[in-house]
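To keep things clear, I will list the structure first and then write my remarks on it.
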Amino acid sequence: MNVINNIRQLRSWSTINKGARCVFVPTMGALHDGHAALIRTAREIAGQNGNVAVSIFVNPLQFGPNEDLAKYPRTLIEDLGLCRDNGADMIFAPKAEDLYPTDRSIVLQETSLSQRLCGASRPGHFDGVCTIVAKLFNLVQCDDAVFGKKDYQQFAIIRRLVRDLDFNVVLHGVETVREADGLAMSSRNRYLSPEERAQAPALRTALLAARDAWKNGERDPAALERLITQTIQDKAPSSRIDYVSAADATTLQPVTATTELVVIAVAVFFGSTRLIDNIELK
Ligand code: PAF
């Protein structure tokens, strides 16, 4: 496994590996079993002759002024072990100063899908994500990229980025990996107190209750949102709901008569830790 820290080395790696299918997994490190599943999926797509590239970079551009950039866990040594164990061929772990010149003056802006859900409470976050993902796609020169569907809004926005800016990259979404009690795996779970951790599976319980209601014929987005809100309030009294929102899975706008797939996304604070989860309803 090659570990590359700068753009010059990355370019020579790409030149040497030209012709081999490159499947890319962008991450911010603090890797867990959810990331392991992304890397294993990338390995399957790349096959024996292709390459699996993983980036580990905590992107300052996607953190707001009051968010946890300094506190974001950095566990590079353990991350490299997880990448190796799950079949990665190359790790790109640059420094922020290598990717962002101090006088940089161009960033991408997403103007539709990012306006609701997490984007509403994290202004600029998805512009930062789009900018770094576009830069990484250019640098890594991948054929495919693999993202987790836990960050549903991110995945939908990156699909739009690829479409609108004509990136020649095939995207693959991987289902959320969960703890035994249903809590979606996240680098942020480690910040939960024991009491919060015990209540956090309420997100999944509430989303499953909505799915049951959907299967029983409930189609009113507001009723589904109310059911989820009530379930979370009952089962996780220490939490504070940021949003519960049923949306069109492609546009992330409110559900309409032409919506083919509905997603319900939730974001919930436990103290200062914000957890997200979602469910697709078909
Ligand atoms: O999902 C993440 O870890 C990040 O948002 C990403 C896609 C690596 C961009 O920094």
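The values are calculated or read from the model by the stated rules, or taken from the named source; none is laboratory data. All figures in this text were calculated on a predicted structure; none of them were measured in a lab. Every residue, glycine as well, gets a Cβ built from its backbone with ideal geometry; the counts of neighbours run over all protein chains shown. When the accessible area is computed, the model is the full protein with side chains, heavy atoms only, and any ligands, DNA or RNA have been set aside. Shrake-Rupley method; radii C 1.70, N 1.55, O 1.52, S 1.80 Å.
In this simple spin-label model, placing a label point 7 Å from the Cα along the Cα-to-Cβ direction at both Glu260 and Lys215 gives a separation of 2.4 nm.
Would you mind computing Rg(Cα) / (2.2 N^0.38 Å) for the stretch 1-117, counting N as its residues?
Values: Rg = 15.6 Å, N = 117, 2.2 N^0.38 = 13.4 Å.
Cα-based Rg divided by the globular estimate yields 1.16.
The C-alpha atoms of the stretch 10-68 occupy a region whose extents along the principal axes are 44, 27, 12 Å, arranged from largest to smallest.
Can you work out the FRET efficiency for the pair Arg11 and Gln48, with r the C-beta to C-beta distance and R0 = 25 Å, to the nearest 0.05?
Values: r = 25 Å, r/R0 = 0.99.
E between Arg11 and Gln48, to the nearest 0.05, is 0.50.
Computed extension gain for Glu97 through Glu280, at 0.36 nm per residue and net of the alpha carbon distance, reaches 62.0 nm.
Restricting the calculation to Cα atoms, the stretch 103-145 shows an Rg/Rh of 1.05 when the hydrodynamic-style radius is the Kirkwood one.
Could you tell me which residue out of Ile56, Ala249, Ser14 lies farthest along the dipole of the chain toward its positive end? Charges go on the beta carbon: Lys and Arg +1, Asp and Glu -1, centred on the Cα centre. Positive-most Cα among the choices belongs to Ser14.
Note that the stretch 209-272, at 37 °C in a medium of 0.692 mPa s, gets a Stokes-Einstein diffusion coefficient of 264 µm²/s from its Kirkwood radius over C-alpha pairs. With contacts taken as Cα pairs under 8 Å at a separation of at least 6 residues, the chain carries a relative contact order of 17 percent. In degrees, nearest 10, range 0 to 90: what is the angle between the Cα axis of helix 152-164 and the longest Cα principal axis of the chain? Long axis of 152-164 versus the principal axis of the chain: about 50 degrees. Solvent-accessible surface of the stretch 115-172, averaged per residue with a 1.4 angstrom probe and all protein chains in place: 39 square angstrom.
Hey, what angle do you get for helix 7-16 against the long axis of the chain, alpha-carbon based, 0 to 90 degrees rounded to 10? Roughly 80 degrees, rounded to the nearest 10. With every protein chain in place and a 1.4 angstrom probe, the accessible-area ranking of Asp277, Asp103, largest first, reads Asp103, Asp277.
Beyond 24 Å, what percent of the Cα pairs of the stretch 153-259 remain? Value for the stretch 153-259: 38 percent of Cα pairs lie more than 24 Å apart.
Per-peptide packing, taken as the mean over residues of other Cβ atoms within 10 Å, places 193-203, 157-167 in the sequence 193-203, 157-167 from highest down.
Modelled spin-label separation between Arg178 and Ser112, with each label point placed 7 Å from Cα along the Cα-to-Cβ direction: 3.2 nm. Ranked by the mean number of other Cβ atoms within 10 Å per residue, highest first, peptides 146-153, 224-231, 58-65 order as 146-153, 224-231, 58-65.
A Cβ-based charge dipole, computed about the Cα centre of the chain with Lys and Arg at +1 and Asp and Glu at -1, lands at about 280 debye.
Taking every DSSP helix (H) stretch of at least 4 residues in the chain, weighting each as -39,500 (n - 2.57) and dividing the sum by the residue count yields a mean residue ellipticity at 222 nm of -11500 deg cm²/dmol.
For the stretch 69-220, averaging the sequence separation of C-alpha pairs within contact (under 8 Å, six or more residues apart) and dividing by the residue count gives a relative contact order of 15 percent.
The amide H of Cys22, built 1.01 Å from its N in the peptide plane, has Asn51, Asp143, Asp144 as neighbours under 5 Å, considering only residues 5 or more places off or on other chains.
If one computes P(r) from the Cα atoms of the chain, what percent of pairs lie at distances over 34 Å? Don't skip to the end; give the middle numbers.
Working: 7985 of 39621 pairs.
Every Cα pair in the chain considered, those over 34 Å come to 20 percent.
When each pair of different Cα atoms in the stretch 155-207 is counted once in the 1/r mean, what is the Kirkwood radius in angstroms, to one decimal? For the stretch 155-207, the Kirkwood estimate is 13.5 Å. A full extension of the chain between Thr250 and Asn66 corresponds to an added length of 63.3 nm, given 0.36 nm per residue minus the alpha carbon distance. Note on the stretch 213-282: with charges restricted to the Cβ of Lys and Arg (+1) and Asp and Glu (-1), its dipole about the Cα centre is near 180 debye.
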